[in-house]
Amino acid sequence: MNPEEAEDLQRKGRYGELLRTSLREQALAERDGRKTDALRWSLVAARTCGFIGRTDEALAHAARAGVLARETSDPELAAKAHYVRGMALRGARRYDEALQTLQAALDALPAGRDEALRAEIHLETAETALAAGFRDRASEALARGSALVHWLQEPRLLAWSLYLRSAFETPSPADLQ
């Protein structure tokens with residue numbers, strides 16, 4: 001399976017199949033000594049476990065991704081490893097640690113590289129800060145992420161930013177009609 005097919009499974013919500021595949025591909029990559037591929041599949045496994053609420057497994061895969069990321073010289077992969085760890089920590093309700101890890105992901109991502117990932121990290125930061133009750137921090141992260149999303153015009157990220165923005169909207173009786 002290639003990354004595009006994995007992303008398609010994620011979009012379709014076929015998490016069970018995606019998790020089975022990512023674990024199989026991760027094991028094959030590790031057996032063959034392909035550390036970068038093992039890292040990529042660890043990232044997929046961590047995200048997928050996070051999506052289906054398997055927090056302990058998400059944390060374990062994120063930890064493995066962190067170890068593998070330190071062995072590579074790709075700062076983008078290091079940022080992704082921090083990002084999935086932040087997601088897993090939010091799932092574990094360890095909000096302060098999650099916010100620190102998400103900031104580390106932003107710090108690790110080189111300027112001008114993978115702006116979609118940068119937008120995702122900002123939106124994840126906003127969602128984590130909202131869950132932790134830090135509305136000001138959430139608003140700031142949402143503003144940064146939404147600016148990138150507007151520029152990228154990525155439908156999935158746009159929907160996520162609109163969902164997060166709804167947390168800041170005050171409903172009025174006219175809205176209910």
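The values are calculated or read from the model by the stated rules, or taken from the named source; none is laboratory data. None of the values given here were measured: they were computed from a predicted structure. Every residue, glycine among them, receives a Cβ derived from its backbone with ideal geometry; neighbour counts consider all protein chains shown. Calculation scope for accessible area: heavy atoms of the full protein, side chains included, ligands and nucleic acids excluded. Shrake-Rupley method; radii C 1.70, N 1.55, O 1.52, S 1.80 Å.
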* Residues in the stretch 7-21 that are touching a residue at least 40 places away in the same chain (Cβ under 8 Å) and open to solvent by 50 Å² or more (accessible area, probe 1.4 Å): how many? -> 1
* Asked: Among the listed residues R14, R47, R34, R24, which satisfies the condition of being closer than 21 Å to A92 by Cα and either of a type outside the set (A, V, I, L, M, F, W, C) or modelled with pLDDT under 90 (or both)?
  -> R47
* Asked: If you check A132 against the conditions, is it out of contact with any Ser or Thr (no Cβ under 8 Å at 6 or more places or on another chain), without any contact (Cβ under 8 Å) to a residue 40 or more places away in the chain and crowded, with 17+ Cβ neighbours inside 10 Å?
  -> yes
* Restricting attention to the stretch 30-59, report how many residues are surrounded by fewer than 21 Cβ atoms within 10 Å (Cβ to Cβ), over 18 Å from E124 (Cα atoms) and either over 17 Å from the mean Cα position of the chain (by Cα) or among the hydroxyl-bearing types (S, T, Y) (or both). => 8
* Could you run through the stretch 157-177 and say how many residues are at pLDDT below 70 and surrounded by 10 or more Cβ atoms within 10 Å (Cβ to Cβ)? => 0
* Asked: If a residue has to be over 19 Å from E57 (Cα atoms) and open to solvent by 40 Å² or more (accessible area, probe 1.4 Å) to count, how many in the stretch 78-114 make the cut?
  -> 8
* Report yes if some residue within the stretch 22-29 is crowded, with 22+ Cβ neighbours inside 10 Å and either over 11 Å from the mean Cα position of the chain (by Cα) or of a type in the set (D, E) (or both); otherwise report no. => yes
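Check whether at least one residue in the stretch 60-70 is over 18 Å from the mean Cα position of the chain (by Cα) and at pLDDT 90 or above, and report yes or no.
Scanning the stretch 60-70 turns up at least one residue that is over 18 Å from the mean Cα position of the chain (by Cα) and at pLDDT 90 or above.
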* Asked: What number of residues within the stretch 61-77 satisfy the criterion of being open to solvent by 30 Å² or more (accessible area, probe 1.4 Å) and of a type in the set (A, V, I, L, M, F, W, C)?
  -> 2
